[in-house]
Amino acid sequence: MKNQVWIFLLLVCVLAVSGCANDFLTASPVGSTEPLAVEDQATLISALEGSGATVEIGEPVSQVFFSTEGTLLKVKGADVQVFEYESAEEMENEASQVSPDGGSIGTSMVTWVDVPHFYKANRIIVLYVGNDASVLDVLESALGPQFAGR
Amino acid sequence: MHTQKARSVLVLAVIVMLAAFPFSAGADHAWGNYHWARTSNPANITVIDSMTADWDDNLDTAISDWSKSSVLDIAEEAGASDADTRSRCRAVKGKVRSCNYTYGNNGWLGLAQIWVRGSHITQGTAKMNDTYFSNPAYDETARQHVVCQEIGHDWGLGHQDESGADLNTCMDYADALDNPNPNTHDYAQLETIYSHLDNSTTIGAAPAGFENANVHAQENWGTKVHESANGRSAIFERDFGNGFKVFTFVVWAE
């Protein structure tokens with residue numbers, strides 16, 4: 001009887017330890033966070049900084065082809081324009097006006113100073129006009145592939 | 001002998017046909033279906049010069065180039081060129097306005113906008129961004145390329161090709177801005193776009209009296225064009241010409 005009790009207790013302990021071990025193995029390390037889902041300008045900045053990029057918030061920027069005023073960010077020293085909308089639906093309505101090569105938006109035709117890259121996430125459209133690979137890398141890691149541009 | 005003669009005749013016939021019907025490759029870069037509505041060709045479109053003196057020769061050349069089209073006849077009109085006018089670059093109904101200004105660090109050298117009613121262009125603007133053009137890296141050829149392209153968009157032309165290839169036209173999408181003029185494909189495309197005629201026009205200002213037409217009094221309603229069987233309602237039409245009309249729908253009080 002005594003042996004049976006000990007075996008039972010041992011079994012309980014083994015089961016308990018295996019459950020704890022499972023939790024231990026799958027638990028995130030203390031202080032770590034899940035990758036941020038970019039929803040707006042604030043979370044974009046957090047995501048970019050989380051990738052190691054320096055980000056400075058600059059002046060407002062307006063584009064006639066977007067209904068909302070944007071913000072010029074300096075990402076790794078490069079100008080990146082962020083346009084934040086009230087809703088994802090509103091953002092998508094405007095993003096849908098951008099031609100696949102980024103050369104036209106609605107009834108506007110644009111001659112860019114460099115290669116245009118359009119990204120979008122939830123409530124924001126992000127425009128980078130340039131060709132710095134390191135900037136493109138951090139933007140893509142935060143936002144996914146561009147939806148328009150060259 | 002006969003075979004050789006037949007071949008010679010065939011070659012001659014092909015040459016004659018090609019001379020009579022020149023092949024126009026790649027004339028398919030219309031900007032959607034956008035075009036100026038007009039009832040006859042050539043389309044007489046006015047470009048308002050709201051540019052500073054350093055851009056005047058570029059605009060003159062662009063207008064001269066586009067006027068070589070068989071379906072366009074472009075007139076240049078002097079416009080205000082103060083900083084406020086150029087910065088706002090307000091469109092004028094029935095015309096195109098060309099402007100230059102330091103529009104800011106927004107990524108574009110030139111921007112063309114059109115206003116449309118369906119597929120008909122009603123007004124347009126072409127903006128050149130001096131924030132970048134003040135950089136001497138943009139030489140005269142680059143300036144000419146951009147103003148030529150932006151004005152060209154206002155006729156309803158898109159880019160000839162969007163691969164970025166240099167196509168020897170100001171309407172290409174290449175990074176090198178080294179083509180100051182349109183080419184034969186641009187003119188061919190314009191002929192295609194403007195090969196039809198419309199029932200009305202969107203070119204030029206509205207006729208005098210149209211925009212502020214006084215239609216309060218019945219005597220200003222024009223001609224009765226329809227009346228209901230019981231006489232309770234009617235439609236009047238006042239024709240200002242060139243497709244500009246005011247319709248008055250009336251339901252009479254008992």
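Summary of values
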{"read-out": "Filtered residues of the range B:114-147 (kept if in contact with a Leu (Cβ under 6 Å, 6 or more places away or on another chain) and more than 29 Å from B:Ile203 (Cβ to Cβ))", "value": "B:Tyr132, B:Ala142"}
{"read-out": "Members of the range A:55-110 found to be of a type in the set (Val, Ile, Thr) and either over 11 Å from A:Ile124 (Cβ atoms) or under 19 Å from the mean Cα position of the chain (by Cα) (or both), listed by number", "value": "A:Val55, A:Ile57, A:Val61, A:Val64, A:Thr71, A:Val75, A:Val80, A:Val82, A:Val98, A:Ile105, A:Thr107, A:Val110"}
{"read-out": "Total residues in the range B:85-120, condition assigned to a strand (DSSP E or B) and facing another protein chain (nearest Cβ under 9 Å)", "value": "9"}
{"read-out": "Any hit, the range B:140-160, residues being surrounded by fewer than 20 Cβ atoms within 10 Å (Cβ to Cβ) and at pLDDT below 95", "value": "no"}
{"read-out": "First in the range B:41-70 and in contact (Cβ under 8 Å) with a residue 12 or more places away in the chain, second anywhere and among the basic types (Lys, Arg) and not in a strand (DSSP E or B), Cβ under 6 Å, 6 or more apart", "value": "B:Thr46/B:Lys95; B:Ile48/B:Lys95; B:Ser50/B:Arg86; B:Asn58/B:Arg143"}
{"read-out": "Residue list for the range A:123-148, restricted to those being surrounded by fewer than 20 Cβ atoms within 10 Å (Cβ to Cβ), out of contact with any helix residue (DSSP H, G or I) (no Cβ under 9 Å at 6 or more places or on another chain) and within 14 Å of chain B (Cβ to nearest Cβ)", "value": "A:Asn131, A:Asp132"}
{"read-out": "Pick from the range A:57-85, criterion in a strand (DSSP E or B) and among the β-branched types (Val, Ile, Thr), ranking: surrounded by the fewest Cβ atoms within 10 Å (Cβ to Cβ)", "value": "A:Ile57"}
{"read-out": "Among the residues listed as B:Asp178, B:Asp166, B:Asp239, the single one being modelled with pLDDT of 80 or more, of a type in the set (Asp, Glu), surrounded by fewer than 17 Cβ atoms within 10 Å (Cβ to Cβ) and over 16 Å from B:Asp65 (Cβ atoms)", "value": "B:Asp166"}
{"read-out": "Filtered residues of the range B:148-163 (kept if more than 11 Å from the chain's Cα centre (by Cα), without any contact (Cβ under 8 Å) to a residue 60 or more places away in the chain and either in a helix (DSSP H, G or I) or more than 7 Å from chain A (Cβ to nearest Cβ) (or both))", "value": "B:Gln149, B:Ser163"}
{"read-out": "Any hit, the range A:116-125, residues being under 18 Å from A:Phe65 (Cβ atoms), part of a loop (DSSP other than H, G, I, E, B) and of a type outside the set (Ser, Thr, Tyr)", "value": "yes"}
{"read-out": "B:Ser81, sole failed condition from (1) of a type in the set (Ser, Thr, Tyr); (2) part of a loop (DSSP other than H, G, I, E, B); (3) under 18 Å from the mean Cα position of the chain (by Cα)", "value": "(3)"}
{"read-out": "Scope the range A:70-122; condition away from every other protein chain (no Cβ under 12 Å), under 30 Å from B:Ile151 (Cα atoms) and of a type in the set (Phe, Trp, Tyr); matching residues", "value": "A:Tyr119"}
{"read-out": "Qualifying residue in the range B:131-145 (condition: in contact with a Gly (Cβ under 9 Å, 6 or more places away or on another chain), more than 9 Å from chain A (Cβ to nearest Cβ) and closer than 19 Å to B:Asp65 by Cβ)", "value": "no"}
{"read-out": "Selection from the range A:86-102 of residues that are surrounded by 21 or more Cβ atoms within 10 Å (Cβ to Cβ) and assigned to a loop (DSSP other than H, G, I, E, B)", "value": "A:Gly102"}
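The values are calculated or read from the model by the stated rules, or taken from the named source; none is laboratory data. Just so we're clear, the structure is a prediction, and the values are computed from it rather than from any experiment. Note that each Cβ is placed from the backbone with ideal geometry, even for glycine, and that neighbours are counted across all protein chains shown.
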